[in-house]
Structures are given as C-alpha cells and as structure tokens.
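Scroll down for the structure; my scribbles are underneath it.
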C-alpha cells in the first residue's frame, strides 16, 4: 500500500473502511501474501484502527489490489460517459431508463482478456468504442426497436485484442459499436 500523506493519516476511519481493510487482508492471506503468523496481528490492527494511519500500518507491504471484477454505471436520465484512461472491470453493467450512453474503451486500462458489458437500457442511444483488435460478441443482446450496428475495423485488425461480450436488453434506441481507429 502507498504511504498515507501526513495530513491524511490523522483522518478518522469508519466501519466501512475497517471492513474493506479486513477484506483486503483476507484476500492477501488467501493469495499467500500475508504469512499465517502475521495475520492475527494485522486483523487486530485493522479492526481497532481509528485513523487512516492506523489502517495503513495494518495494510503495509501488501501488493496493490487487482482490477475490479464488477461495476455498475447508472442514471435515470442524461448521459453516461466513460472515456480516457479508466479501468474497465471484468463485468460492467450499464442501467438507465432515459440516457445516452458513450463508452470509449480505446484508451481504457483493460486488465482482463474477456469483458462482459450488460446493457439495461430503456430509451436512448448507446455507442461503444472498442480497442483495435477486439472481438465483439453481441449474441446475448436483445434490441427492441433497432438492430445494433457494428462497424468493422479498418484493415482487418479484429482478433488479437480482448473479447468483449455485450448482452442485456435495449428498449427504444440503437447500439453502435465501432473499433478505434488507432
């Protein structure tokens, strides 16, 4: 774990922070990163921590956590947008009744060979830009109004990137999937 800045070390922590630290310790123990002899002491420190500095002591020398495995993006209306260098979880669920969705995975940090995107959309358009070389599978997608469009990559670069499975249901709207140009 990265050192905690001095001004942040004195901040008080709540039960949620302590529970997250215990989960992280349990995962590290299961992976063999924490020896059995240290586990009880680290758990005791995490459960009795009052400040961020106390928690940092319990989590010292642990490897950084891996990429998330699941996340949900949602909103009732408006726009749901992700672009740039964002971390893509193994399973991403996008839920909205009335929204325009724009997911750009072309520069995203993808830590998995396969990505599942589950769409639960009522009305609105969705655009997903996938990395060059990505394989797109939309077998599990149910579109109520217009069929999804997939724009093939230029130069036939499909096949050497991650597998992106898009499933779920769309009501009134259209999904457009395209491969990044570079």
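The values are calculated or read from the model by the stated rules, or taken from the named source; none is laboratory data. Since this is a predicted model, take the numbers as computed values, not measurements. Counting neighbours? That spans all protein chains shown, and the Cβs are built from the backbone with ideal geometry, glycine included.
Quick look at the values:
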item: Test for residue 126: is it free of Cβ contacts under 8 Å to residues at least 60 places away in the same chain, in contact with a strand residue (DSSP E or B) (Cβ under 6 Å, 6 or more places away or on another chain), over 30 Å from residue 10 (Cα atoms) and outside the structural domain of residue 44 (by TED's automatic domain parsing); result: yes
item: Residue that is nearest to residue 110 (Cα to Cα), among those in segment 68-86 that are in a strand (DSSP E or B) and modelled with pLDDT under 85; result: 70
item: Filter pass, residue 104 being modelled with pLDDT of 90 or more and more than 18 Å from the chain's Cα centre (by Cα); result: no
item: Every residue from segment 117-126 that is surrounded by fewer than 23 Cβ atoms within 10 Å (Cβ to Cβ) and within 18 Å of the chain's Cα centre (by Cα); result: 118, 120
item: Boolean, residue 33 is surrounded by 12 or more Cβ atoms within 10 Å (Cβ to Cβ) and in a helix (DSSP H, G or I); result: no
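Conditions (1) exposed (fewer than 15 other Cβ atoms within 10 Å of the Cβ); (2) under 16 Å from residue 168 (Cβ atoms); (3) touching a helix residue (DSSP H, G or I) at 6+ places or on another chain (Cβ under 9 Å), marked per residue:
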site: 57; (1), (2), (3): no, no, yes
site: 60; (1), (2), (3): yes, no, yes
site: 73; (1), (2), (3): no, yes, no
site: 87; (1), (2), (3): yes, no, no
site: 92; (1), (2), (3): no, yes, no
site: 95; (1), (2), (3): no, yes, no
site: 99; (1), (2), (3): no, yes, no
site: 102; (1), (2), (3): no, no, no
site: 106; (1), (2), (3): no, no, no
